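One structure is given below, encoded as structure tokens.
None of the figures in this text is laboratory data; all of them are computed from the coordinates on show. Not measured: the values here are computed from a predicted model. In this analysis, Cβ positions are derived from the backbone assuming ideal geometry, glycine residues included, and neighbour counts consider all displayed protein chains.
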Amino acid sequence: MRASLMITCLADVLFPEVGEAVVVLLRRLGVTVEFPEGQTCCGLPLFNSGFHRAAAGVASRTVEVFRGAEHIVVPSGSCAWMVRKEYASLLEHHGGPAAEARTLAARTFELSQFLTQVLGLREVDSPFRGRVTYHDSCHLLRGLGEARAPRQLLQGVGGVDLVELPGADECCGFGGSFSVRLPDVSTAILERKLARVEATGADCLVACDSGCLMQMGGGLSRRRSRVRPLHLAQVLAGGAP
Amino acid sequence: MTDGGSAPDVLATPFAERARRALGDPFLQEALSIATTKFIGLRREAFADFPAGDALRDRARAIKEATLQKLDTYLEALADNVERRGGHVHWATTGAEAREIVLRLCRDRGVRMAVKSKSMASEEIDLNEALEHAGVAPVETDLGEYIIQLAREKPSHIIAPAIHKTKGQVAELFSRELGQALEADPEVLTAVARRVLRARFLEADMGITGANFAVADTGTVVLVTNEGNGRMVTSLPRIHVAVMGIEKVVPSMTDLIVFLAILARSATGQKLSSYTTLVRGPRRPGELEGPEEFHLVLMDNGRSAQIAGKLREALYCLRCGACLNVCPVYRQIGGHAYGHTYPGPIGILLTAMLKGERAVKHLAHASSLCGACQEVCPVRIDIPRMLVDLREGLDRDRVAPWAERAAFGALARLLCSPALFRLAVRVGRITQRPFVRDGRLGRLPVPGAVWTRTRDLPPVAARTFTERWKDLA
């Protein structure tokens with residue numbers, strides 16, 4: 001089985017260890033990992049802010065970059081959602097390769113969905129040990145309708161003690177440019193989230209989206225919390241830094 | 001359309017500043033947090049106990065879609081049936097016309113006092129202010145609206161207008177306005193309001209209501225309430241005027257039942273509200289009660305223009321308020337910060353509908369697009385999609401600030417060129433150097449400060465994943 005990693009802009013530049021964890025994990029599962037050259041970003045930041053023509057330009061490039069890929073694996077719910085749910089209509093409206101975008105959408109998977117749906121993974125062979133809680137990223141949960149896969153995978157790790165986070169399905173306050181357009185509101189939403197995270201007594205806060213991890217990790221770091229933000233891939237690969 | 005909205009001094013301050021003030025108001029924070037959490041739980045339980053709920057929501061959405069296709073036909077049928085029962089129908093293209101129709105009725109019939117049941121349509125056209133100006137005393141009789149009227153404020157929630165007030169604040173307000181010391185006990189306060197309002201029901205010449213629905217093939221106006229005041233407003237005064245947005249019409253009683261089954265569950269978690277009032281015109285010969293005259297004002301005010309517009313789905317809205325309760329932004333800042341009649345995620349869309357897209361150039365961004373609103377909407381309105389569409393329009397029509405368009409234009413060029421992207425990473429790595437402490441960016445200068453004032457930021461990695469791939473391959 002071949003899988004092409006769509007690294008996403010945030011993971012590439014800010015969280016490269018997440019990409020490494022994905023590679024380690026997929027190889028351990030017997031997947032041949034490819035990394036098509038010339039990747040930048042899926043265009044979601046432009047799309048959500050209303051710059052659709054520009055987003056369509058970026059989307060066209062992404063379609064081109066992943067042309068030959070068998071499966072595309074994305075360690076981010078929002079970017080996977082963008083490719084799967086928005087690319088085709090966006091490119092249709094702006095005269096891009098819409099038909100090709102549709103086939104790309106069908107081959108593109110958010111990481112936890114790829115692991116459970118395509119690989120059928122249940123038990124996870126990971127040396128990770130710890131008490132973790134899980135935050136549902138909005139786009140993975142409501143955009144792609146996925147609440148089960150990440151929890152199932154976490155429970156499939158022998159050393160993981162998963163505690164449910166009250167209000168796990170509530171937004172962390174990131175929302176892309178929202179986090180800097182209305183920083184005070186964004187932070188107030190974040191504070192509410194982190195108070196609940198800390199109350200679980202978990203050592204690690206797991207999510208499947210670099211945006212949420214940047215927001216929640218930034219808040220945890222600022223309050224010098226003992227809770228570590230981790231991407232799902234880092235728990236499953238077990239090589240968390 | 002420029003009708004409605006809040007006092008000008010509220011609109012004068014930018015949205016972000018109003019939001020900041022709301023965040024710093026401990027009473028607002030306490031009241032909002034308690035009330036929205038309660039509403040969310042009640043709604044969740046109501047639908048958990050109601051397996052047919054999902055299918056009924058789909059059905060309700062389909063009815064709304066189909067009704068809008070032939071809105072004119074249904075409105076004419078509604079008008080015919082209301083008139084057949086002796087009611088009068090008035091058509092208002094604008095909010096100003098709707099207001100003038102009510103004022104003219106007051107003038108012609110010597111109305112001095114009007115009791116009102118809760119109506120967002122009347123808020124939309126600032127009817128109370130217009131009545132006062134014309135020498136007619138409007139008296140709100142819904143408890144929440146009564147509180148707001150005494151406080152000289154506007155509703156901050158579609159179904160719970162005084163949601164932003166704690167019971168302590170209400171006790172203080174009542175004590176001051178009604179001239180007696182009252183304790184912060186909801187039962188005591190309600191009893192006082194009830195006593196005051198009883199007298200008004202009997203004094204008033206006119207009862208003014210909105211309409212949750214109007215059934216076309218029977219000519220029935222439907223009011224969904226919880227306090228019983230709606231019944232007195234529609235039956236005690238000699239004139240009843242109902243002001244409704246034209247999108248509230250439903251074809252038949254069978255359709256109505258579908259909506260009733262999901263409306264209260266979405267709003268308050270009730271199976272049905274305490275009172276579902278069905279009004280069919282004035283008192284008829286031989287009947288013992290009811291008004292002598294019934295008037296129905298059918299108000300467009302920007303709605304019909306959206307039947308084929310980008311905000312079409314906003315016309316499905318039942319005004320249940322569920323999207324406000326779950327919205328992370330609304331839950332932090334409350335309704336007044338939005339600065340318009342309709343707050344919350346749906347309020348942004350309704351404001352754009354009533355006042356034009358430029359009116360929401362800031363509000364269109366007052367959402368993290370988390371999708372919680374769409375998830376709870378009884379008719380599954382795709383609110384996030386329409387917010388993004390509004391943002392798209394602001395960019396295309398060059399309403400978005402120049403600096404923003406320039407910044408996103410630069411970002412687009414960067415994202416279309418791997419070489420530029422790599423260059424930007426290198427520049428970031430160098431410029432961040434003086435600001436990295438303990439492996440994090442804690443204090444960046446402007447514009448990074450917008451983030452780092454409250455949150456840390458991970459530094460640009462010494463080696464990006466793209467650079468590390470060579471070693472992994």
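If you check every pair at least six apart or on different chains, which have Cβ atoms under 8 Å apart with a residue in the stretch B:451-473 that is within 25 Å of A:S186 (Cα to Cα) first and a residue that is assigned to a loop (DSSP other than H, G, I, E, B) and β-branched (V, I, T) second? Short answer, once both residue conditions are applied: none.
Taking helices (runs of 4 or more DSSP H) that do not extend beyond the stretch B:320-364, which have at least 1 residues that are farther than 30 Å from B:L272 by Cβ and out of contact with any Ser or Thr (no Cβ under 6 Å at 6 or more places or on another chain)? It would help to see each step written out before you state the result.
Numbers: elements: B:322-326, B:328-333, B:344-355.
Where helices (runs of 4 or more DSSP H) fall fully within the stretch B:320-364 and carry at least 1 residues being farther than 30 Å from B:L272 by Cβ and out of contact with any Ser or Thr (no Cβ under 6 Å at 6 or more places or on another chain), they are B:328-333, B:344-355.
Among the residues that make up the stretch A:9-16, is at least one of them more than 8 Å from chain B (Cβ to nearest Cβ), under 20 Å from A:V180 (Cα atoms) and either in contact (Cβ under 8 Å) with a residue 12 or more places away in the chain or among the acidic types (D, E) (or both)? Full working, then the answer.
Quick first cut of the stretch A:9-16, residues more than 8 Å from chain B (Cβ to nearest Cβ) only: A:10.
Checking the rest, the ones that are also under 20 Å from A:V180 (Cα atoms) come to A:10.
Now narrow it down to the ones that are either in contact (Cβ under 8 Å) with a residue 12 or more places away in the chain or among the acidic types (D, E) (or both): A:10.
Yes: one or more hits.
Checked against the criterion of being buried (at least 19 other Cβ atoms within 10 Å of the Cβ) and among the hydroxyl-bearing types (S, T, Y), the stretch B:186-204 has no qualifying residue.
Going residue by residue through the stretch B:144-152, is there one that turns out to be surrounded by fewer than 18 Cβ atoms within 10 Å (Cβ to Cβ), of a type in the set (D, E, K, R) and not in a helix (DSSP H, G or I)? Yes: one or more hits. Counting only helices (runs of 4 or more DSSP H) that fall entirely inside the stretch A:38-154 and contain at least 1 residues that are within 14 Å of chain B (Cβ to nearest Cβ) and under 21 Å from A:L213 (Cβ atoms), the qualifying elements are A:44-48, A:77-81. Restricted to the stretch A:184-241, and to residues there that are more than 13 Å from B:L457 (Cα to Cα) and of a type in the set (S, T, Y), the residue that is farthest from the other protein chains (Cβ to nearest Cβ) is A:T200.
Table: residues versus (1) farther than 22 Å from A:G211 by Cβ; (2) hydrophobic (A, V, I, L, M, F, W, C).
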site: B:R319; (1), (2): yes, no
site: B:N325; (1), (2): yes, no
site: B:P343; (1), (2): yes, no
site: B:I346; (1), (2): yes, yes
site: B:L349; (1), (2): yes, yes
site: B:E357; (1), (2): yes, no
site: B:D382; (1), (2): no, no
site: B:R385; (1), (2): no, no
site: B:V399; (1), (2): yes, yes
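State whether one or more residues within the stretch B:49-63 are part of a helix (DSSP H, G or I), more than 21 Å from B:A308 (Cβ to Cβ) and of a type in the set (K, R). Yes: one or more hits. When residues in the stretch B:343-368 are screened for being buried (at least 24 other Cβ atoms within 10 Å of the Cβ) and either more than 25 Å from B:P401 (Cβ to Cβ) or within 11 Å of another protein chain (Cβ to nearest Cβ) (or both), 6 of them pass.
If you check B:V427, B:V446, which single one turns out to be within 38 Å of the chain's Cα centre (by Cα), more than 17 Å from A:G218 (Cα to Cα) and more than 7 Å from every other protein chain (Cβ to nearest Cβ)? Spell out how you get there, then give the answer.
Numbers: B:V427 fails: within 38 Å of the chain's Cα centre (by Cα).
That would be B:V446, the only listed residue that is within 38 Å of the chain's Cα centre (by Cα), more than 17 Å from A:G218 (Cα to Cα) and more than 7 Å from every other protein chain (Cβ to nearest Cβ).
Yes or no: the stretch B:234-257 includes at least one residue that is outside any loop (DSSP other than H, G, I, E, B), more than 26 Å from B:A98 (Cα to Cα), within 20 Å of the chain's Cα centre (by Cα) and of a type in the set (G, A, S). So far as the stretch B:234-257 goes, no, none of its residues is outside any loop (DSSP other than H, G, I, E, B), more than 26 Å from B:A98 (Cα to Cα), within 20 Å of the chain's Cα centre (by Cα) and of a type in the set (G, A, S). The C-beta contact set for the stretch A:22-34 (first residue closer than 16 Å to A:P127 by Cα, second residue of a type in the set (D, E, K, R), distance under 8 angstrom, 6+ apart or interchain) comprises A:R28/A:D125.
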